[in-house]
Amino acid sequence: MVQNVLPNKTSCVYIRQTEALGLGHAVLCAKQVVGNDPFAVILADDLISGEPGALRQMVDIYESCQCSVLGVQNVLREETRSYGIVKSKAAGPRISHVEGIVEKPVPEQAPSTLAVVGRYILTPRIFSLLESVKPGAGGEIQLTDGIAALLSHEKVLAYEFIGKRYDCGNKFGYLQATVEYALAHPELKERFLAYLKSLKL
Ligand code: G1P
């Protein structure tokens with residue numbers, strides 16, 4: 001089952017970020033492996049269910065626009081301090097042109113409530129820009145700041161993907177994902193539902 005997950009002719013290369021210097025720094029660690037190609041960043045703690053998957057939807061957009069695409073979702077204004085938030089202008093259904101992006105703004109200063117949630121398709125120009133990004137929010141090298149720099153060179157789109165996102169970076173979101181995936185799993189759902197009912201909550 002595990003072997004079948006990997007598509008044919010795909011090899012895995014693992015790179016370790018030896019110091020926790022931020023997401024931008026983590027992406028920069030992959031520079032030599034990615035080379036001069038567009039690439040995707042998937043933050044595994046943002047689990048997104050959807051058919052087709054969120055990244056597949058974004059690749060389709062990349063294929064027609066040939067520019068960076070950020071996966072975004074509307075969040076509550078009081079939650080902006082947990083995300084990269086974009087300022088953007090509508091460009092089509094679910095698509096907007098990114099005009100600005102800021103990392104974890106306080107609600108009063110957030111340019112919108114459109115948050116980047118763990119899916120990015122980026123052009124390789126981001127690497128040279130990340131090399132000169134100074135530590136930002138939380139003292140870390142932020143991918144958001146690299147993307148902000150990219151905006152002066154290239155078009156960047158924000159795309160409101162279709163799908164449900166679970167924030168597995170917090171305990172409650174992780175539990176929600178576990179329960180909902182179990183209840184949707186063809187082999188497990190009946191037994192799991194019976195188990196939940198047996199708890200007589
Ligand atoms: C990171 C990014 C942030 C993004 C978020 C999505 O933050 O820095 O821009 O909105 O992931 O989950 P983190 O959750 O690592 O603090």
Self-check item: Label zone at residue 128 (point 7 Å along Cα-to-Cβ), backbone N below 19 Å, the range 4-37
Solution: 25, 27-37
Quiz item: Once a ≥ b ≥ c are taken as the square roots of the eigenvalues of the Cα gyration tensor of the range 1-74, is the result rounded (a/c under 1.5), prolate (a/b larger than b/c) or oblate (a/b not larger than b/c)?
Solution: rounded
Self-check item: Burial ordering of 58, 1, fewest other beta-carbon atoms within 10 Å first
Solution: 1, 58
Practice problem: Report relative contact order for the range 5-97 in percent, whole number only (criteria: Cα-Cα under 8 Å, sequence separation at least 6). | Solution: 11
Practice problem: Using θ = phi - 60° and the Karplus relation 6.51 cos²θ - 1.76 cosθ + 1.60, list the HN-Hα couplings for the range 192-198 in order, rounded to whole Hz, with x at every Gly or Pro. | Solution: 5, 5, 4, 4, 4, 5, 5
Quiz prompt | the range 1-100: trypsin sites (Lys or Arg not before Pro) in DSSP loop, at most 13 other beta carbons within 10 Å | solution = 9, 16
Quiz item: Using Cα pairs under 8 angstrom and six or more residues apart, how large is the relative contact order of the chain, in percent?
Solution: 27
Quiz prompt | Those trypsin sites (Lys or Arg not before Pro) in the range 102-197 that DSSP places in a loop and that have at most 15 other beta carbons within 10 Å | solution = 155
Quiz prompt | Dimensionless Rg ratio for the chain, taking C-alpha atoms and the 2.2 N^0.38 Å reference | solution = 1.12
Quiz item: Farthest toward the dipole's positive end in the range 1-78, which of 32, 44, 58, given Cβ charges of +1 (Lys, Arg) and -1 (Asp, Glu) about the Cα centre?
Solution: 32
Quiz item: Using the beta-carbon distance between residue 164 and residue 36 and R0 = 25 Å, what value does 1/(1 + (r/R0)^6) give for FRET efficiency, to the nearest 0.05?
Solution: 0.10
Practice problem: Would you mind finding the longest exposed-site-free stretch of the chain, with exposed GluC sites (Glu not before Pro) meaning DSSP loop and at most 11 other Cβ atoms within 10 Å? | Solution: 20-186
Quiz prompt | Nearest-ten-degree value, helix 54-65 long axis tilted from longest Cα axis of the chain | solution = 30
Practice problem: Return the distance in nm (one decimal) between the two label points of a simple spin-label model at residue 12 and residue 29, each offset 7 Å from Cα along Cα→Cβ. | Solution: 1.6
Quiz prompt | About the Cα centre, charge dipole magnitude for the chain (Lys/Arg +1, Asp/Glu -1 at Cβ), debye | solution = 340
Exercise. With both partners inside the chain, how many of the DSSP beta bridges are antiparallel, as a percent to the nearest 5?
Key: 85
Exercise. Please list the non-local residues whose amide H lies under 5 Å from the amide H of residue 99, H modeled 1.01 Å from N, same-chain partners needing a gap of 5 or more.
Key: 87, 88, 89
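Since every read-out is calculated from the coordinates, none of them should be taken as a lab result. Bear in mind the structure is a predicted one, so any value in this text is a computation, not a measurement. As a convention, Cβ positions derive from the backbone with ideal geometry for all residues, glycine included, and neighbour counts pool all protein chains shown.
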